[in-house]
Amino acid sequence: MNDGWDQSAEAWIASIGDRGDWAREHILDPAMLARIDLQHFRRGLDIGCGEGRFCRMLKKRGVSVVGIDPSQPLLDAATRRDPSGEYRLARAEQLPFSDGSFDLVASYLSLCDIPDFKAAIGEMARVLAPGGTLLLANLTSMSTADAGIGWVNDDKGDLLYWPIDRYLDEFSMRSEWNGISIVNWHRPLSAYMSALLGAGLRLVFFDEPQPASGDPKRQERYRRMPWFVLMEWRAPGCS
């Protein structure tokens, strides 16, 4: 299956910018960085780093970070923006690193793009050092089970409700916006939780982050229905 990332790279880079899209800037960046700032990480891995924006944020916090992505055009953009950075062409399902190589693995909205998420989670757990942290932000399963129609509005255009269908199924879907056309995956939350627990990881933090800033009108859709889940998992053993 062509996931569309190589073909959508230019449009994605133009859309995301250095500040990120609205949801990253006002919801996920504050939530992710708050967790990062609680610990002193030395060596990090960014799964699905794309154009390298989160890698650059981690570097500013003193983390020596490697970014991996299966899209060469996105990695080329990451290298242009950060010539001293370390970016590798690789897939999360088969990471080219030794066991226990990182005390931090970050998956910032990448699990929903990965076909074999169970293999990817197993690999993330494998490369974590004892006591290391997997910091994972993903789309909520409610947002991806949207029945294909998104928000239902009233005759004034105000939000009424978000319909959900096929929640317990697992399926791929093509998402298109702003010249971007990529494949995402829906899975129920239980599928992710089972895979993470099965990899021997321990859940230490869970949140459905709300907007921390931004236009109040735009915040409404993210407060009416949680769009993202943020989880921190810990590898067994001492760091």
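FYI, it's all coordinate maths here, none of it is from the lab. Being a predicted model, the structure only gives us computed values, none of them experimental. Positions of Cβ are backbone-derived with ideal geometry, glycine not excepted, and every protein chain shown enters the neighbour counts.
Modelled spin labels at residue 165 and residue 220, positioned 7 Å past Cα toward Cβ, are 2.5 nm from each other. Couplings 3J(HN,Hα) for segment 165-180, derived from phi with the Karplus relation 6.51 cos²θ - 1.76 cosθ + 1.60 (θ = phi - 60°), are 8, 6, 4, 7, 7, 10, 7, 8, 8, 8, 10, 9, 6, 6, x, 9 Hz, where x marks Gly and Pro.
Of all lysines in the structure, those lying under 24 Å Cα to Cα from residue 156, and not within fewer than 8 positions of it along the same chain, are 217. Over the chain, the fraction of Cα-Cα pairs per 10 Å bin, rounded to whole percents and listed from the shortest bin up, is 7, 31, 39, 19, 3, 0.
Of the peptides 172-183, 120-131, 30-41, the ranking by mean beta-carbon count within 10 Å, highest at the top, reads 120-131, 30-41, 172-183. Based on C-alpha pairs under 8 angstrom that are at least 6 apart in sequence, the chain has a relative contact order of 21 percent.
Residues of segment 56-81 with the amide nitrogen closer than 14 Å to a label point 7 Å from the Cα of residue 88, along Cα-to-Cβ, please. In segment 56-81, the label zone of residue 88 (backbone N under 14 Å from the point 7 Å along Cα→Cβ) covers 65-70. The Cα-based radius of gyration of segment 42-160, divided by its Kirkwood radius, gives an Rg/Rh of 1.09. Extending 7 Å from Cα along the Cβ direction at residue 206 and again at residue 79 yields two label points whose distance is 4.1 nm. Which distance in Å, rounded to a whole number, links the C-alpha centroids of segment 178-196 and segment 206-220? Value for the Cα centre distance between the two parts: 21 Å.
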